1. Inter-copy label distances at residue A:387, 7 Å along the Cα→beta-carbon direction, one decimal in nm, shortest first?
2. So what's the back-of-envelope 222 nm ellipticity for chain B, counting only DSSP H runs of four-plus at -39500 (n - 2.57) apiece and dividing by all residues, rounded to 500?
3. Normalized C-alpha radius of gyration of segment B:289-409, against 2.2 N^0.38 Å?
4. Can you sort B:248, B:336 by solvent-accessible area, 1.4 Å probe, largest first?
5. Given segment B:210-327, report the % of alpha carbon pairs whose separation exceeds 26 Å.
6. Cut-off 10 angstrom, C-alpha nodes, Gaussian network model of chain A. Which of A:142, A:423, A:333 fluctuates the most?
7. Could you sort B:105, A:125 by their accessible area in this structure, using a 1.4 Å probe and putting the largest first?
8. Residue-wise, which Karplus ³J(HN,Hα) couplings in Hz belong to segment A:320-331, taking 6.51 cos²θ - 1.76 cosθ + 1.60, θ = phi - 60°, and x for glycine or proline?
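The values are calculated or read from the model by the stated rules, or taken from the named source; none is laboratory data. Computed from a predicted model, the values in this text were never measured in an experiment. No Cβ is skipped: glycine too gets one built from the backbone with ideal geometry, and neighbour counts run over all protein chains shown. Each accessible area value is taken on the protein alone, full model and side chains, heavy atoms only, with ligands, DNA and RNA left out. Shrake-Rupley method; radii C 1.70, N 1.55, O 1.52, S 1.80 Å.
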2 protein chains.
Amino acid sequence: MTAVQPGGLSRRGLLAASGAGAAAAGGLSAAMMLTPGHAGATPEQAADSPAERRYDFRGEHQAGITTPAQDRMHFAAFDMDPRASREDLVALLQDWTSAAERMTDGRGAGSLGPLSGPYDAPPDDTGEAIDLPPAGLTITFGFGSSLFGGEGSGKDRFGLAARRPAALERLPHFPGDNLRQQLSDGDLCIQACSDDPQVAVHAVRNLTRIAMGRAHLRWSQLGFGRTSSTSDAQSTPRNLFGFKDGTMGLRGEETDAIDEHVWVSSGADPRAEWMTGGSYLVARKIAMRIEPWDRSSLREQERVVGRTKAEGAPLSGGTEFSQPDFAVKGRGGQPMLALGSHVGIAHPSHNDGVRLLRRGYNYVDGNDEMGRLAAGLFFIAFVTDPRTHYIPMQTKMSRDDLMQEYVQHVGSGLFAVPPGAQGDRYVGQGLFA
Amino acid sequence: MTAVQPGGLSRRGLLAASGAGAAAAGGLSAAMMLTPGHAGATPEQAADSPAERRYDFRGEHQAGITTPAQDRMHFAAFDMDPRASREDLVALLQDWTSAAERMTDGRGAGSLGPLSGPYDAPPDDTGEAIDLPPAGLTITFGFGSSLFGGEGSGKDRFGLAARRPAALERLPHFPGDNLRQQLSDGDLCIQACSDDPQVAVHAVRNLTRIAMGRAHLRWSQLGFGRTSSTSDAQSTPRNLFGFKDGTMGLRGEETDAIDEHVWVSSGADPRAEWMTGGSYLVARKIAMRIEPWDRSSLREQERVVGRTKAEGAPLSGGTEFSQPDFAVKGRGGQPMLALGSHVGIAHPSHNDGVRLLRRGYNYVDGNDEMGRLAAGLFFIAFVTDPRTHYIPMQTKMSRDDLMQEYVQHVGSGLFAVPPGAQGDRYVGQGLFA
């Protein structure tokens, strides 16, 4: 092959190329490079549509936590390569910060290539989101306990052991867990959420590519239907049991409760002061036994959940947002709302007032060799401390929740999510100060 | 547990319950049953939004072929249970027709249960789409060659061998194929497309549930980003190589070309006159070697595809919709546009004028144990005859296409898609007449 003729440039491409922040790619000036856009609405989308939503990557807290839950998710866990150094880890976080800031702003992870003429380097953006607006993309980073050494992961590879938060230990084994190593844990995690799955996939793919030689994908999960509301403006979605999910969940608007239940406050852990303004991400891949559930009666389903299927009202009466009343008795003196129902087990009044900011997604991974749907809930919660806000509740659930008959936890992860990167800092910089 | 208190009914639930077509469930009158709705827009959606789009299930042709390609897909292949009879097959198609008509109209697959009081039968709808509008849902059914007996599948289980279309044979082995049995073939297939993945998943799940005891899932695939335009109103999407895909594809508006290249005409096959107005669905799961591709230079990527990455213009010059010119020479007298490029191989002028109505989707199935993305293109095309419209082109591609270095076909299926069900007929009824 010889010369490649320069392709014409679309309006969008040109608009994007003239935008701020063109990449500094080796040897080529920014002005010469085509910067992928994902700019502008598609013909099907109005300019004020949700597709045009943009959230700042930088801020006091990372985005993607109290941000109104987007409709789709790509979650990825990474392990550092065995030969990577502390400097490699810092450089990776710097590169990830830069790319995340670009992509959440609707630009590419880097440049695609020169405006004209052949280009013998790989593009710094893979291209599949060039024409797509960010659709509310957020990218949220976290650190697993293995990054800090200890816990059988051997030596303190990155000199971080002394700064490991006390709350950051691998979650205990809960009764009924059937965890698969290849769906659990990891040195690092990325949660990418957007209303457009192609945008979320593009983000994880490009961050994976940027990590090459320093960190590699350990496991990943796509989710397609949010299973919680994190804003008063959102209606309550449904999980794959067909029930409304997250009715009682924390909303971003409840700022006092968010401070209490989600963010890590200064002084909470003297050796991990760098986590101030951060949170802990609990991830659980919960496989649902879809076929037995679908064969169970409506009575059984409602008994297990503790709510009506259609409306989502507690079985003790009222409407969706009525408080459940565990004292109401039905015929024969039995409680209308079983204490072992999902509502009963999870209710704050039975959990020392603990409330969860849930941000999970439905998933379908095809089917198994028996023709059963491989489907369930990818549970995500952001909590101020997993020792008070997740472990006690899950211990009780795994023992007493009537729903246990229909679910199995097959993946698990706990990640320390540092505060947002402000100014020109990189995400997690406080850990290395 | 004793009595379960009736849950309050949402406005949407009531509206839906008062709508037409309530299910006839055993022993309970239609008026008593709560019919799941997916009625009405969510607060985030305007009433005239794409989410409210509805396509008629009934018509001369099945929907989901020339329908403007929706953004998400759930594809499923089924095998009949060994003990199922011809009567079971007919009853299944009748039940599927009824449920598909309901769901594409924005209703549930059946009723959820009674309006009040306990209900000791499983719901006839699984519920996860209750509050969701159909978002352009289409459900398209097809028959695999194994349904007709022969080809090593043993005896003629359903008395259909004499009516098997001559075009309906398992696709040949192409060079480079690495097909997995558990991702290939099947007695029946369903393609469910919608702009909302939860709606598409709901459709396949409920049709799978309805099939219980008669047919079971053999394999299934979720896709999230359409990789073709089937309407002039749509912009050209991108595949996971980051290139625009389907620029040359047939559009639904080209009715003469659609008649020539997509629909089966009367007299085409004397023993399969029942296929008149139908089409053949070619499905190929094409795994992409993402990491080698992402490490290749922009020059190499554009050489392989034959188009510029940003604009999608042929390397012979012009803009996206310019015709490629294979005669244009560059420096050294080499053609600007390699004959082995994807554009060169697939161009109608090199394929006896054949054009494809493509309707594929991007997919990501997580990652493998090496940390490589399990991603690619789930290729779907609808053709008037695979012997003229797919096999010759794919034979050439698998031998000469430069892109072969970066892809591997891992799944395959060919299905006869009968015409649409009109009046009160069920889908595929002509086959049994």
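1. Inter-copy label distances (nm, one decimal, shortest first): 7.4.
2. After summing the helix terms and dividing by the residues of chain B, the value is -5500 deg cm²/dmol.
3. Rg over 2.2 N^0.38 Å, computed on Cα atoms: 1.14.
4. Sorted descending by solvent-accessible area, the residues read B:248, B:336.
5. Taking all Cα-Cα pairs of segment B:210-327, the fraction more than 26 Å apart is 44 percent.
6. The residue with the greatest mean-square fluctuation here is A:333.
7. Descending order: B:105, A:125.
8. Couplings: 3, 9, 5, 6, x, 10, 7, 8, 5, 9, x, 4 Hz.
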